[in-house]
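What follows is a single structure, written as structure tokens, with notes after it.
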Amino acid sequence: MKKVNNYNFSDAVVLTGGIGSRLGAITKKTPKPLIKIGRKLFLDYILLNISRYGFKKIYLLCCYQHQKFFKIYNKKIINGCQIICVNEKTPRGTGGGLLLLKKKISNFFLLLNGDTYFDINYFDLFIELKKNRNALGIVALAQKNGSRFLSMDTNSQKILKNSKKNSNFINSGIYIFNKKILKFIDRKIFSLENELFPKLLNKKKLLGKKYFNKKIKFIDIGIKKDLKIAKKLIPNLQKKPAFFLDRDGVINHDFGYVHKIKDFKWRGNIIKCIKYLNDKGYYIFVVSNQSGIGRGYYKEEQVIQLHDWVQRVLKDFGAHIDKFYYAPYFSGNKKYCKKDKLLRKPNLGMIKMALKNWPIDMSKSFMVGDSKIDELLSKKAKIKFIKIKPQTNLLNILKNKL
């Protein structure tokens, strides 16, 4: 059984209060995060991405035209994450608004700019911070794609250093902070970059991690040229291939109707496999037949609790599953014998649910399973199939295929 650490990392904060003056007339009536990109608002893409990680709350720090954010997002639920809008009332810079959340946010929290998009594995960034207990924050560094961005770099210990002219990396606007940084924010109007970072740098408490996967693009909409690029790139960036994983026999050993933590035995290097897929940018969905619910062997709530525990364990290793889908169908139970029958593999119900809620590229997706039923599902869905046997080294297979 994997041990779960007690790191409280359940909240995310998005800075949406800027005026966006460099975009001129475009932001006269529309704040930057609410600019339409394809069929969605720019902020919609950011929030969908955050929701993949199971945060309990996402705070939007608003100021300029705050009422528009409240109308669209306040108290909205996205994939189980509650959106809470906070009105700063007056401009507070990139750091001052955090004081309004002092009694609300978790001990560790994700912080993002509302006008940039960088699709990295947030939990990978988190475990880098956990490795250095003296550090209070970590910055995701992106490859530079323009001269207007401030260069940043790290030494071999990943301690963030002062900017260098010859550095190929910039601040992506994605951070994970320990709540203790709030003691350094001593004014209502406060800049993270110009005031907090120098303090943390002097104490060697600020880390940086470089991300340079060619498939992961850093996108900023601060100027008209970059906004035009974003409108072309972003709608396609979120349409990604997925791995659909059977649960019992793939993620854990199949002892029959597993529904308790004490009976859940992780299979081989599956956690490394899941993190590998996270880092590669794949969606990961579990599609599992759970007829034990319909048979009355255990309750649906017990399955949900087990899956919540699985997610907590994965988080400690920098990994996550985007969504668990399960079919409780059993023919002898009236409650679960009609609608839920369509969910049961090899029917396509669970995959259709995923397609309804996520932008999936099925042409490059995979099904991973240990049974004929899983193979039949993959054929119906017209996706590639990876068969799991007791001796299968899934990580090697993934590295060879992807």
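The values are calculated or read from the model by the stated rules, or taken from the named source; none is laboratory data. Note that the coordinates shown come from a computational prediction; the quantities given were computed from them, not determined experimentally. Note that we place each Cβ from the backbone using ideal geometry, even for glycine, and neighbour counts take in every protein chain shown.
Give the residue, chosen from 254, 308, 263, that is among the acidic types (Asp, Glu) and touching an Asp or Glu at 6+ places or on another chain (Cβ under 7 Å). Break it down stepwise before answering.
Numbers: 308 fails: touching an Asp or Glu at 6+ places or on another chain (Cβ under 7 Å); 263 fails: touching an Asp or Glu at 6+ places or on another chain (Cβ under 7 Å).
Exactly one residue qualifies, and that residue is 254.
Give me the residue from the stretch 353-369 that is surrounded by fewer than 19 Cβ atoms within 10 Å (Cβ to Cβ) and farther than 21 Å from residue 45 by Cα and, out of that set, nearest to the chain's Cα centre (by Cα).
The first filter runs over the stretch 353-369 and keeps only residues surrounded by fewer than 19 Cβ atoms within 10 Å (Cβ to Cβ), leaving 353, 355-359, 361-364.
Filter again for farther than 21 Å from residue 45 by Cα, leaving 363-364.
On the way: 363: 23, 364: 20 Å.
Only one residue fits best here, namely 364.
The residues listed here are 35, 78; of these, the one that is touching a helix residue (DSSP H, G or I) at 6+ places or on another chain (Cβ under 6 Å) and more than 24 Å from residue 121 (Cα to Cα) is 35. Scan the stretch 198-211 for residues that are surrounded by fewer than 18 Cβ atoms within 10 Å (Cβ to Cβ) and in a loop (DSSP other than H, G, I, E, B) and the total you get is 2.
Take residue 189 and decide whether it is more than 26 Å from residue 121 (Cβ to Cβ) and either touching a strand residue (DSSP E or B) at 6+ places or on another chain (Cβ under 8 Å) or in the same structural domain as residue 39 (by TED's automatic domain parsing) (or both). When the stated conditions are applied, residue 189 passes them.
Screening residue 195 on (1) in contact (Cβ under 8 Å) with a residue 24 or more places away in the chain; (2) under 23 Å from residue 143 (Cα atoms); (3) assigned to a helix (DSSP H, G or I) shows it passes everything except condition (2). The residues of the stretch 254-268 that are within 19 Å of residue 294 (Cβ to Cβ) and of a type in the set (Val, Ile, Thr) amount to a single one, 258.
Here is a yes/no grid of residues against (1) at pLDDT 95 or above; (2) more than 30 Å from residue 126 (Cα to Cα):
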residue	(1), (2)
308	yes, no
330	no, yes
349	yes, yes
363	yes, yes
395	yes, no
